[in-house]
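Please read the structure below before turning to the comments.
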Amino acid sequence: MKKYNFSPGPAKINDSVLQIAKKNIIEFEDSGVSILEISHRSQDFQSILDQTKENLKNLLNIPQNYKILFLQGGATFHNTFIANNIPQEKSSSNLVTGTWGQKTFEDFSKIRTSTKKLLTSENIEEFIENKNFQINKETDFMHITSNETIEGIQIRKFNKINSDLIIDSSSDIGSYNFNWDNISYLYAGAQKNLGIPGVTISIIRDDFIQQNENPVYLNLKKLISKDSLLNTPPTFSIYILKLVTDWMLDLGGVSFFEKQSKEHSESVYSLLNKYDNYVILPVEKYSRSRMNIVFNFKNEKHENLFINEALNKHIIGINGHRSVGGIRISLYNSIDKNMLRYLLDFMESFFKKL
Ligand code: PMP
């Protein structure tokens, strides 16, 4: 029985992508071998790598002066990787809006001196609404997490920050357009909007890439010079990234998914608002994520009831993160109209019965 997967990641993959992957697991494009078997040094893999980079450039409008790198170790490894590659004489700070940004700050601080800026919800409002809030260029680089997957807090207007940014966009990459003006380094694990675990995409402005004496897998410049082939890359994860980005471009690129995620998230939030006698939305309007919709029931007993009834309807992945509880519905790019309709119908009938 096919499930309706609203998981926070690894997340649903579009069926057409799975069909192509299935065929190529058996035999990759008449090559006589499975995609799982091909050498990372083969011409076949080189063209997958090149096409994947081309797709990302087109999809995200990446300017000429940025390099793309595929690494293993997840976004978590990047806390160590990036901190080790910021030149020592440069200063950095971390804008913390939730759990993942806090973890990055903790790891950065073990490797270099980093200051933390905790955004209160009031600060976020001022910042997002562009009122008075100005982060002065006190540091050379500022790390932000554009979408806090656990808390459901999203900052899309990061171009207004007056600092060079290092952005963890693991849980919202490819869901809205932005410009690259103040971005030094953007990275994302693929397993939410762009594919499966195993590969992390890094997009790095040329001037960030400096020579240093780091060991090889911590050495940004060396890894770039070998074009993601310094050691064996996660070939299958990169292949899926190619298929997902093909599929995204076919549908109309990021603009299509931006419109979709606006519509989808608005319809879920408005349903929750309609039933606000039963639920609490902990995130203020201006920073509500379009990717991860978080809510709590006023009556705790309703929480398990909701999860269990959803399971009976084959809806999975909606439990809040174990650190915060509640409900979290993830609406990544692969959630289509039909899935959304199914979810909304279930929620509406659940609330009506209460
Ligand atoms: N950053 C964000 C925003 C995340 O959502 C996650 C994972 N959910 C991570 C970092 C950690 O990613 P990984 O498990 O790939 O290391």
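Of the residues making up the stretch 87-107, those that are within 20 Å of Asn147 (Cα to Cα), away from the ligand (no atom under 16 Å from the Cβ) and open to solvent by 40 Å² or more (accessible area, probe 1.4 Å) number 0. Scanning the stretch 29-83 for residues being open to solvent by less than 60 Å² (accessible area, probe 1.4 Å), in a helix (DSSP H, G or I), more than 30 Å from Ser255 (Cβ to Cβ) and within 16 Å of the ligand (Cβ to nearest atom) gives a total of 5.
Taking the numbered list (1) over 30 Å from Ile293 (Cβ atoms); (2) part of a loop (DSSP other than H, G, I, E, B) in turn, Lys12 passes all entries but (1). Apart from one condition, Asn24 fits all of (1) part of a loop (DSSP other than H, G, I, E, B); (2) open to solvent by less than 50 Å² (accessible area, probe 1.4 Å); the exception is (1). Looking at the stretch 155-274, the helices (runs of 4 or more DSSP H) lying wholly inside it that each contain 3 or more residues that are at pLDDT 95 or above, open to solvent by less than 50 Å² (accessible area, probe 1.4 Å) and within 16 Å of the ligand (Cβ to nearest atom) sit at 235-251. For the stretch 342-354, the candidate set comprises residues that are within 26 Å of the chain's Cα centre (by Cα) and farther than 20 Å from Asn193 by Cα; within that set, the residue that is surrounded by the most Cβ atoms within 10 Å (Cβ to Cβ) is Met347.
The values are calculated or read from the model by the stated rules, or taken from the named source; none is laboratory data. Every value quoted in this text rests on a predicted model; they were computed, and no experiment measured them. Cβ atoms come from the backbone with ideal geometry, glycine included; neighbour counts cover every protein chain shown. Keep in mind that these areas ignore ligands, DNA and RNA; they rest on the heavy atoms of the full protein, side chains included. Shrake-Rupley method; radii C 1.70, N 1.55, O 1.52, S 1.80 Å.
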